[in-house]
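The values are calculated or read from the model by the stated rules, or taken from the named source; none is laboratory data. Here the structure is a predicted model, which is why all the values come from computation and not from measurement. Please note: Cβ atoms are built from the backbone with ideal geometry, for glycine as well, and neighbour counts cover all protein chains shown. To get the accessible areas, we keep the full protein, side chains included, count just its heavy atoms, and leave off ligands, DNA and RNA. Shrake-Rupley method; radii C 1.70, N 1.55, O 1.52, S 1.80 Å.
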Amino acid sequence: MRISVEISYYPLNQEFIPPIKDFIGRVKKYPELVVKTNTMSTQVFGEYTAVMNALTVEIGKSFELPSSVFVMKIINADLEK
(Lines give C-alpha, C1' and ligand atoms only; values in the text may rest on other atoms or scores of the structure.)
Protein backbone atom coordinates (compact mmCIF):
# COMPACT_ATOMS: atom_id res chain seq x y z
CA MET A 1 0.00 0.00 0.00
CA ARG A 2 1.32 3.42 -0.92
CA ILE A 3 0.95 6.27 1.56
CA SER A 4 1.46 10.02 1.84
CA VAL A 5 2.82 11.68 4.97
CA GLU A 6 2.85 15.40 5.67
CA ILE A 7 5.40 16.32 8.33
CA SER A 8 6.08 19.56 10.17
CA TYR A 9 9.17 19.58 12.39
CA TYR A 10 9.65 22.12 15.17
CA PRO A 11 13.01 22.02 16.95
CA LEU A 12 12.35 24.16 20.01
CA ASN A 13 15.61 26.07 20.15
CA GLN A 14 16.95 29.32 18.73
CA GLU A 15 18.88 27.61 15.94
CA PHE A 16 15.93 25.76 14.40
CA ILE A 17 16.74 25.87 10.64
CA PRO A 18 19.83 23.59 10.63
CA PRO A 19 18.05 20.64 12.32
CA ILE A 20 15.12 20.96 9.88
CA LYS A 21 17.43 20.98 6.86
CA ASP A 22 19.36 18.05 8.31
CA PHE A 23 16.16 16.00 8.79
CA ILE A 24 14.96 16.72 5.24
CA GLY A 25 18.38 15.88 3.81
CA ARG A 26 18.48 12.55 5.62
CA VAL A 27 14.97 11.58 4.44
CA LYS A 28 15.86 12.51 0.86
CA LYS A 29 18.68 9.91 0.91
CA TYR A 30 16.15 7.05 0.78
CA PRO A 31 15.86 6.26 -2.95
CA GLU A 32 12.53 4.43 -2.55
CA LEU A 33 10.82 7.58 -1.21
CA VAL A 34 9.61 10.70 -2.98
CA VAL A 35 10.19 13.77 -0.81
CA LYS A 36 8.78 17.22 -1.54
CA THR A 37 9.14 20.31 0.60
CA ASN A 38 7.50 23.69 0.89
CA THR A 39 7.66 26.50 3.43
CA MET A 40 5.15 24.80 5.77
CA SER A 41 5.91 21.08 5.64
CA THR A 42 7.63 18.12 4.04
CA GLN A 43 5.64 15.50 2.13
CA VAL A 44 6.89 11.92 1.88
CA PHE A 45 5.39 9.40 -0.55
CA GLY A 46 6.06 5.69 -0.94
CA GLU A 47 5.25 2.18 0.22
CA TYR A 48 3.92 2.09 3.78
CA THR A 49 6.71 -0.02 5.28
CA ALA A 50 9.50 1.91 3.55
CA VAL A 51 8.12 5.30 4.61
CA MET A 52 7.44 4.29 8.20
CA ASN A 53 10.83 2.57 8.60
CA ALA A 54 12.66 5.62 7.26
CA LEU A 55 10.69 8.01 9.45
CA THR A 56 11.25 5.85 12.53
CA VAL A 57 15.02 6.03 12.00
CA GLU A 58 15.21 9.71 11.08
CA ILE A 59 12.76 11.03 13.67
CA GLY A 60 14.69 9.00 16.25
CA LYS A 61 17.90 10.79 15.24
CA SER A 62 16.15 14.16 15.45
CA PHE A 63 14.88 13.32 18.94
CA GLU A 64 18.50 13.25 20.10
CA LEU A 65 18.13 17.04 20.20
CA PRO A 66 16.26 18.35 23.22
CA SER A 67 12.66 19.47 22.76
CA SER A 68 11.89 18.41 19.21
CA VAL A 69 8.26 18.30 18.06
CA PHE A 70 6.90 16.51 14.98
CA VAL A 71 3.36 16.91 13.64
CA MET A 72 2.35 14.36 11.00
CA LYS A 73 -0.64 13.45 8.89
CA ILE A 74 -0.60 9.97 7.35
CA ILE A 75 -2.91 9.16 4.46
CA ASN A 76 -3.38 5.65 3.05
CA ALA A 77 -3.19 6.90 -0.54
CA ASP A 78 -0.42 8.24 -2.75
CA LEU A 79 -1.36 11.89 -3.26
CA GLU A 80 1.85 12.61 -5.17
CA LYS A 81 0.49 11.14 -8.40
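Here are a few things to note about the model shown:
- Here the stretch 1-33 is the region considered, the condition is being open to solvent by 90 Å² or more (accessible area, probe 1.4 Å) and acidic (Asp, Glu), and the residue that is nearest to the chain's Cα centre (by Cα) is GLU32.
- Residue match in the stretch 71-78 (condition: polar (S, T, N, Q), touching a Ser or Thr at 6+ places or on another chain (Cβ under 9 Å) and open to solvent by 30 Å² or more (accessible area, probe 1.4 Å)): yes
- Every condition in (1) under 12 Å from the mean Cα position of the chain (by Cα); (2) open to solvent by 50 Å² or more (accessible area, probe 1.4 Å) holds for VAL44 except the one numbered (2).
- Candidates ALA50, ALA54 - the one that is at pLDDT 95 or above, small (Gly, Ala, Ser), surrounded by 11 or more Cβ atoms within 10 Å (Cβ to Cβ) and out of contact with any strand residue (DSSP E or B) (no Cβ under 8 Å at 6 or more places or on another chain): ALA50
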